[in-house]
Amino acid sequence: MTPNANTLTVSVDAMGGDIGPAAIVPGLDISRQRHPELAYILVGDEAAITPVLKAHPRVEEAARIIHTDVSVAMDAKPSQALRQGRRTSSMWKAIEAVKTGDAGICVSAGNTGALMAMSKFCLKTLLGVDRPGIAAIWPTTRGESIVLDVGATVGADTQMLIDFALLGSAMARTLFGIERPTVGLLNVGVEEVKGLEPIREAGQHLREAGYDGLDYVGFVEGNDIGSGRVDVVVTEGFSGNIALKTAEGTARQVGGYLRDAMRASLQTKLGALLAKPGFDALRRKMDPSRVNGGVFLGLNGTVVKSHGGADALGIAAAVDLARLMVHNRLSEAIADQLRQAHQLSDDGASAEQPAATQAASS
């Protein structure tokens, strides 16, 4: 495929995930059916990629392979992966393609910690961002919301939580078209005296800062995530990842209950047949693979993390999400949000800010 002005190139860590190219290439095929303008750089072991690629000519015609026989193990420590796989691994080379401009997006289903470490080291962070966060688009009873962080940090401090509020609100404004997205901090209760000190301090700052790009509504609880009470739910990665995995497991559990109930008798089987369109819609809504993909926010480039166990549909969803980020110019929107926060700090409007705006001015 000869690139043109409309082509968007996706660099893919083809060796990432539990089964590598066997899931990734079919997923790229699904995504390219939806978006023919996509082209691919597949980074990994050419001997492993080529046979799968031959079975998917739609991807083959739009792809080129960058060979490396070095890959990052799913259980590797981030520091070890960065030390041993820097410059040579499929994960690093896929990220580096974004840095050099050869690709507009990087997608990997590999080791989350290693991907974050390499992305930060290779692409660097935007103004004022100490630690990037992973944002997930979360289906709710009202539509969709954004939850971050869902796995990049453990025990985020006050500054990180405020960074995440700024990053998440920029994402919500860009994707959902909301001028002032509502933002809540995930906590063990809605009362201001509850929760860990960094959460309480971040809440106080967000109430007093007066950011134009977000509407801070206070603390929210776990049951508020799925209700869509706020457009952006901010938490640290330990709690966020548990919430994400719990929601995915619950969706599968409910789906299993429904299948068993509909097969229980001839009467229920007949009812299931009549209600099939409704059940199909429910299954699509609850299928975790259809919302697969976490966006690394706060980097000088677009990186999307797919679940390691994602199937072809999940990989396609991650690529679709990455494409959406570029199409909506998310990186530019986040940079604008951070510049506004920086300007607010410079103007002295929040002289006691302990957070992202102070970091931005240092």
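The values are calculated or read from the model by the stated rules, or taken from the named source; none is laboratory data. Only a predicted model underlies this, so the values are computations on that prediction, with no experimental measurement involved. Don't worry about glycine lacking a Cβ; one is built from the backbone with ideal geometry, like all the others, and counts go over all protein chains shown. Side chains are part of the model used for accessible areas, which takes the heavy atoms of the whole protein and leaves out ligands, DNA and RNA. Shrake-Rupley method; radii C 1.70, N 1.55, O 1.52, S 1.80 Å.
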Inset, instruction - Give me the aspartates and glutamates in straight-line cross-link reach of LYS269: C-alpha distance below 12 Å, same-chain residues under 8 apart excluded. - result: ASP260
Legend entry - Charge dipole magnitude, Cβ of K and R +1, D and E -1 - the chain, Cα centre, debye nearest 20: 1180 debye
Inset, instruction - Starting from one equal scatterer on each C-alpha and no solvent at all, send me the Debye-based log10 I(q)/I(0) for the stretch 210-259 at q = 0.17 Å⁻¹, two decimals. - result: -0.64
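If you stretched the chain out fully between PHE238 and ARG329, how much longer would it get, using 0.36 nm times the residue separation minus the C-alpha to C-alpha distance?
Working: separation 91, 0.36 × 91 = 32.76 nm, distance 2.85 nm.
Result for the pair: 29.9 nm of gain on full extension.
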Legend entry - Carbon and sulfur %, accessible surface of the chain computed with the full protein complex present, 1.4 Å: 52 percent
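Accessible area per residue, 1.4 Å probe, Å², for the chain: what's the number? Don't skip to the end; give the middle numbers.
Details: 16260 Å² over 362 residues.
Each residue of the chain exposes 45 Å² on average to a 1.4 Å probe.
Quick check on the chain: helices-only [θ] at 222 nm, where DSSP H runs of length 4 and up contribute -39,500 (n - 2.57) each and the sum goes over total residues. Nearest 500, please. Don't skip to the end; give the middle numbers.
Working: 15 runs with 179 residues, N = 362.
Mean residue ellipticity at 222 nm (helix-derived): -15500 deg cm²/dmol.
From Cα pairs below 8 angstrom and at least 6 apart in sequence, can you work out the relative contact order of the stretch 117-243, rounded to a whole percent? Kindly include the intermediate steps, with their values, before the conclusion.
Working: 246 pairs, mean separation 45.5, N = 127.
Once divided by the residue count of the stretch 117-243, the mean separation gives 36 percent.
Using Cα pairs under 8 angstrom and six or more residues apart, how large is the relative contact order of the stretch 1-81, in percent?
Working: 104 pairs, mean separation 27.9, N = 81.
Relative contact order comes out at 34 percent.
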Legend entry - Those lysines that a straight Cα-Cα span of less than 19 Å connects to LYS77, excepting residues fewer than 8 apart in one chain: LYS93, LYS120, LYS305
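What percent antiparallel are the DSSP beta bridges of the chain, to the nearest 5?
Working: 13 of 42 bridges.
Rounded to the nearest five, the antiparallel share is 30 percent.
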Legend entry - Area accessible to solvent at ARG252, 1.4 Å probe radius, in Å²: 140 Å²
Inset, instruction - Taking every Cα atom in the stretch 1-84, find the radius of gyration and the maximum pairwise distance Dmax, and write them in Å. - result: 13.6, 40
Legend entry - Rounded to the nearest 10 Å², the accessible area of TYR257 at probe 1.4 Å: 140 Å²
Legend entry - Compactness index (Cα Rg / 2.2 N^0.38 Å), the stretch 80-199: 1.21
Legend entry - Rough spin-label spacing in nm, given labels placed 7 Å along Cα→Cβ, for LYS245 and LYS269: 3.8 nm
Legend entry - ALA47-ASP18 FRET efficiency (beta carbon distance; Förster radius 25 Å; 0.05 resolution): 0.85
Inset, instruction - Just read off the accessible area of ARG173 with the full protein assembly in place, 1.4 Å probe, to the nearest 10 Å². - result: 60 Å²
Inset, instruction - Apply the Kirkwood formula to the stretch 120-173: the hydrodynamic radius equals the inverse of the mean of 1/r over all pairs of different alpha-carbon atoms; give it in Å with one decimal. - result: 12.0 Å
Legend entry - Rel. contact order, % - alpha carbon contacts under 8 angstrom, at least six apart, the chain: 22 percent
Legend entry - Overall dimensions of the chain by Cα: Rg and Dmax, Å: 21.1, 71
